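Below is one structure, written out as structure tokens; comments come after it.
The values are calculated or read from the model by the stated rules, or taken from the named source; none is laboratory data. These numbers were taken from a predicted model, which means no experiment stands behind them. Counting neighbours? That spans all protein chains shown, and the Cβs are built from the backbone with ideal geometry, glycine included. The area values use the complete protein model at the heavy-atom level, side chains included, leaving out ligands, DNA and RNA. Shrake-Rupley method; radii C 1.70, N 1.55, O 1.52, S 1.80 Å.
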Amino acid sequence: MSEAFDAVDVISAKRDRAELSDAQIDWVIDAYTRGAVAEEQMSALAMAIYLNGMNPREIARWADAMIRSGERLDFSGLSRPTSDKHSTGGVGDKITLPLAPIVAACGVAVPQLSGRGLGHTGGTLDKLESIPGWRADLTNEQMMHQLEDVGAVICAAGSGLAPADKKLYALRDVTGTVSCVPLIATSIMSKKIAEGTGSLVLDVKVGSGAFMKELGQARELAETMVRLGKDAGVHTVALLTNMETPLGLTAGNALEVRESVEVLAGGGPADVVELTLALAREMVAGAGRSDIDPADVLADGRAMDVWRRMIKAQGGDPDAELPTAKETHQVLAPADGVLVQLDALAVGVAAWRLGAGRARKEDPVQAGAGVELHHKPGATLRGGEPLMTLHTDEPERFTRALEALEGGFTIAPESSRPDLPPIVIERVS
Ligand code: URA
């Protein structure tokens with residue numbers, strides 16, 4: 001088949017800072033998906049985009065071409081409105097687990113298509129797979145049925161949604177082209193728009209444990225994604241949220257499930273509860289149900305009922321014992337004082353090295369591995385008391401995990417007690 005464009009011309013145009021035309025973008029995404037643009041050509045183009053950017057028209061067209069590379073789901077037949085949340089990924093970010101049942105208990109259907117973890121940020125599916133029997137793979141029909149019946153589904157995204165992104169994301173991962181606003185925004189939004197949700201809330205993380213370390217960069221990403229969502233007719237809001245320190249007290253698969261169940265039972269760490277409810281309020285409002293306060297369905301146990309039904313519907317046993325790691329190691333506070341800093345990236349890398357995460361897509365994860373924190377920034381500590389407990393099945397992993405934690409926390413005299421930053425930094429709509 002003769003091709004409409006030559007890949008080298010498209011790459012050279014972006015290399016030389018020219019704008020790509022709509023036709024060029026449509027062609028390059030389609031041809032890459034079909035295999036007519038080679039991986040090395042797409043990696044050169046991704047790097048040219050990384051270095052020279054794209055304007056709003058190019059971004060919108062790029063996202064649209066990625067959506068058109070695959071199927072689109074349609075939830076319009078459901079009896080309730082839909083709302084979804086996407087997080088750009090952080091350490092200890094288990095929010096989806098309590099959030100989906102809370103929002104479903106408010107009468108809004110939550111189709112949460114999730115991924116597995118790569119690198120130091122955990123994946124929602126890895127966390128849920130620590131529940132005995134639970135399975136991530138559902139057909140579109142099973143997903144629709146569960147959405148109507150239970151109201152919430154957390155499952156693996158099928159291969160039919162935005163296949164161009166699937167290929168391109170894997171390529172970016174190995175070519176140093178992940179952290180680029182136009183490429184991240186189009187990657188996330190092509191999947192979310194193809195998924196067919198009526199409203200969307202984006203949790204854009206800012207800080208050491210996030211993709212976006214700087215507030216300005218995170219704001220630009222949030223604004224770009226909100227614009228793409230709105231242009232596609234999806235009610236879209238973003239919250240910029242703090243990822244300098246881990247969310248909650250756990251980072252690791254089964255450890256995070258346990259903490260999420262504590263939240264659903266009315267307890268759990270204050271920051272997890274606060275962020276879950278902030279996102280739930282946005283999701284419920286975006287779906288037109290501002291008449292219901294998510295805090296009420298959390299307090300009266302309706303959200304816990306939905307959780308149990310959601311886990312059972314996917315083969316899981318909500319009453320089963322969760323796996324625990326074979327070995328633990330305590331990290332003790334080296335001195336008296338106030339914990340002024342606990343770095344999200346250091347904790348995330350430690351959890352990853354303990355076996356909670358994977359370095360390559362095909363690697364297995366340990367269900368019980370991870371880091372359990374006994375204190376959060378602002379706490380007063382006595383020297384020698386436990387600061388955190390490391391969990392793993394393979395004790396030889398402790399050394400590398402401890403190396404990751406070097407410099408990852410600071411204990412200072414009481415007089416230097418820090419002002420703690422808010423969880424929700426800014427709202428973009
Ligand atoms: N998550 C995605 O789905 N895509 C990106 O590019 C980054 C994070």
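In table form, for the structure just shown:
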{"quantity": "Cut-off under 5 Å, modelled amide H: who pairs with R358 long-range", "calculated": "G119"}
{"quantity": "Estimated FRET transfer efficiency (D6, A379; beta-carbon r; R0 51 Å; 0.05)", "calculated": "0.25"}
{"quantity": "Point-to-point label distance, R72-R57, nm (Cα→Cβ direction, 7 Å offset)", "calculated": "2.2 nm"}
{"quantity": "Karplus-derived 3J(HN,Hα), 6.51/-1.76/1.60, for each residue of the range 193-204, Hz, glycine and proline x", "calculated": "6, 5, 5, x, 5, x, 9, 9, 10, 9, 9, 9"}
{"quantity": "Per-pair calculated FRET efficiency, R0 = 22 Å: D419 and Q330 via Cβ, rounded to 0.05", "calculated": "0.15"}
{"quantity": "Carbon/sulfur fraction of accessible area - the chain, other protein chains in place, 1.4 Å, %", "calculated": "51 percent"}
{"quantity": "Within straight-line cross-link reach of K191, lysines at Cα separation under 16 Å, skipping those fewer than 8 residues along the same chain", "calculated": "K85, K166, K167, K230"}
{"quantity": "Distant-in-sequence amide H partners of S87 (H built 1.01 Å from N, under 5 Å)", "calculated": "D203"}
{"quantity": "Inter-site label distance for D293 and E406 at 7 Å from Cα along Cβ, in nm", "calculated": "5.0 nm"}
{"quantity": "Gain upon complete extension [R135, R34; 0.36 nm per residue less C-alpha separation]", "calculated": "33.3 nm"}
{"quantity": "Sites matching chymotrypsin sites (Phe, Trp or Tyr not before Pro) across the range 324-429 that sit in DSSP coil, with at most 14 neighbouring C-beta atoms within 10 Å", "calculated": "none"}
{"quantity": "Highest-MSF residue in the chain out of P418, P163, P246 [GNM, Cα springs under 10 Å]", "calculated": "P418"}
{"quantity": "Amide H partners (placed H, <5 Å) of M212, local residues excluded", "calculated": "G207"}
{"quantity": "At R0 = 25 Å, FRET efficiency that the Cβ-Cβ distance of A270 and A320 yields, to 0.05", "calculated": "0.35"}
{"quantity": "Tensor-based shape of the range 83-313 (alpha-carbon gyration tensor, a/c under 1.5 rounded, otherwise prolate or oblate)", "calculated": "rounded"}
{"quantity": "HN-Hα J in Hz across the range 314-329 - Karplus 6.51, -1.76, 1.60, θ = phi - 60°, x for Gly and Pro", "calculated": "9, x, x, 10, x, 9, 5, 4, 7, x, 10, 6, 6, 10, 9, 9"}
{"quantity": "The chain - accessible surface per residue (Å², probe 1.4 Å)", "calculated": "40 Å²"}
{"quantity": "Cα gyration tensor category, rounded, prolate or oblate, for the range 385-429 with a/c compared to 1.5", "calculated": "oblate"}
{"quantity": "Coil-residue trypsin sites (Lys or Arg not before Pro) of the range 1-58, DSSP, other Cβ within 10 Å capped at 11", "calculated": "R17"}
{"quantity": "The range 135-184 and the range 1-23: distance between their alpha carbon centers, rounded to Å", "calculated": "28 Å"}
{"quantity": "Cα-based reach from K361 at 17 Å (exclusive), listing aspartates and glutamates while leaving out same-chain residues under 8 positions away", "calculated": "D126, E129, D137, D165, D173"}
{"quantity": "Computed magnitude of the charge dipole of the chain (debye, nearest 20; Cβ of K, R +1, Cβ of D, E -1)", "calculated": "300 debye"}
